[in-house]
Amino acid sequence: MSVCVATCGRPQGLASLLGALELLELPLGIELRVVVVDNDPRGSARAICADAAERHAYALHYEIEKRRGIAFARNAAIAAALRDSDFIAFTDDDAMPEPDWLAELLRVQDFYRAHVVTGPSLPRYEQEPPRWVSEGGFHEKPRHPTGTRCSVAHTGNALVRTSVFECLERHFDESLALSGGEDVEFFARANAAGFLIIWADNAIVHESVPASRATLRWILQRAFRVGSCASWVEARHRSSSAPRGLAHATYCIAKGAALACALPLRGRAAAAEGLRLCSFGLGRIAGACGHLHPEYRAVHAR
């Protein structure tokens, strides 16, 4: 099986991830292959991957994808992994999987006969964040009991049977290359096609959060991007009507404004959550109009 990683300008994070993959506790009979696609045309990850290939026991495939955008890099990784893998796992170059991460994904896949398994990505702050950031849980994502059926997954932590890629006409949508959300769109398509997506709550990766992402500006930009991508995907798949989407956007803006105005009573975390909801609602309106925020033009590197 293969673990696919798209990277761009994060040398320390990538080196840490490649070291962590060496420590994975693999089930008997599983041979690990790591596919790294460097989205930096200069090949800034080449030396790190060459060093990892010499020091670690797993096979490592490295290539460069010159077209800028995360969807381009992930599609290149899939093309390389499909040659000799029954399963493809995904994680990010700023992630640190726990030693039993892959074994747990495979265990849950086998038990539920799932086509896709996804799990939690827990925040790991590089520096102590402002108190309101940790209190607000702005980098935390929802968790579910193992075995919960999901409608989407995320490539920070996912295992996919290669038959899913072989059956769907397109892989990650390259029109979302700089905005992100290509994983949500792909797994929404997989779910609509009848593929089973299951949550594995003990298959844990830790996602690095640099100081540049522990700011109100980044939180609001991320909320706007998530909202715009959500509307864009819904329109693409006709999974929600335009009036319903507008109503939800309006609700988020109204509720967010009320929370933001409660700063003297409820504190900065509640006010920031209100602004985040407003930004999400505005993003939903923008996405319905076809606008996507190019979040991945900037690299939050380490």
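The values are calculated or read from the model by the stated rules, or taken from the named source; none is laboratory data. These numbers were taken from a predicted model, which means no experiment stands behind them. Neighbour counts run over all protein chains shown; Cβ positions are idealised from the backbone, glycine included. Only protein heavy atoms, including side chains, enter the accessible area calculation; ligands, DNA and RNA are left aside. Shrake-Rupley method; radii C 1.70, N 1.55, O 1.52, S 1.80 Å.
The GluC sites (Glu not before Pro) found in the stretch 152-226 that occupy coil by DSSP, while having at most 14 further C-beta atoms within 10 Å, are GLU169. Sparse packing (at most 14 other Cβ atoms within 10 Å of the Cβ) combined with a DSSP loop state is found for the following trypsin sites (Lys or Arg not before Pro) in the stretch 186-240: ARG238. The stretch 176-219 and the stretch 15-63 have Cα centres lying 22 Å from one another. What the phi angles of the stretch 217-226 give under the Karplus curve with 6.51, -1.76 and 1.60, with θ = phi - 60°, is a coupling list of 4, 5, 4, 5, 5, 5, 4, 4, 5, 4 Hz, glycine and proline written as x.
The magnitude of the dipole of the chain, with charges of +1 and -1 set on the Cβ of Lys/Arg and Asp/Glu and taken from the Cα centre, is near 1300 debye. Write down the percent of antiparallel bridges among all DSSP beta bridges whose residues are both part of the chain, to the nearest 5. Roughly 35 percent of the DSSP beta bridges within the chain come out antiparallel. Between TYR251 and ALA193, the FRET efficiency estimated from the beta carbon spacing at R0 = 22 angstrom works out to 0.15. What the stretch 121-270 shows is 50 Å² of accessible area per residue, with the surface traced by a 1.4 Å probe over protein heavy atoms.
As a calculated quantity, the FRET efficiency between LEU28 and ARG217 at R0 = 45 Å, using C-beta atoms, amounts to about 0.40.
Surface composition of the stretch 1-89: carbon plus sulfur atoms hold 51% of the accessible area, using a 1.4 angstrom probe and ignoring ligands, DNA and RNA. Please report the net charge: other residues with Cβ closer than 13 Å to the Cβ of ALA200, K and R +1, D and E -1. Local net charge: -2.
Taken along the Cα-to-beta-carbon direction at a fixed 7 Å, the label points for ARG68 and ARG124 span 2.9 nm. Taken over the alpha carbons of the chain as equal point scatterers, the Debye sum produces base-10 log I(q)/I(0) values at 0.07, 0.10, 0.16 Å⁻¹ of -0.27, -0.55, -1.42.
Taking square-rooted eigenvalues a ≥ b ≥ c of the alpha carbon gyration tensor, is the stretch 108-217 rounded, prolate or oblate, where a/c under 1.5 means rounded and, failing that, a/b exceeding b/c means prolate? Oblate is the answer for the stretch 108-217, as a/c is 1.5 or above yet b/c matches or exceeds a/b. Efficiency by 1/(1 + (r/R0)^6): what FRET value for ALA242 and THR148, r their Cβ-Cβ distance, R0 = 25 Å, to the nearest 0.05? Using R0 = 25 Å, I get an efficiency of 0.25.
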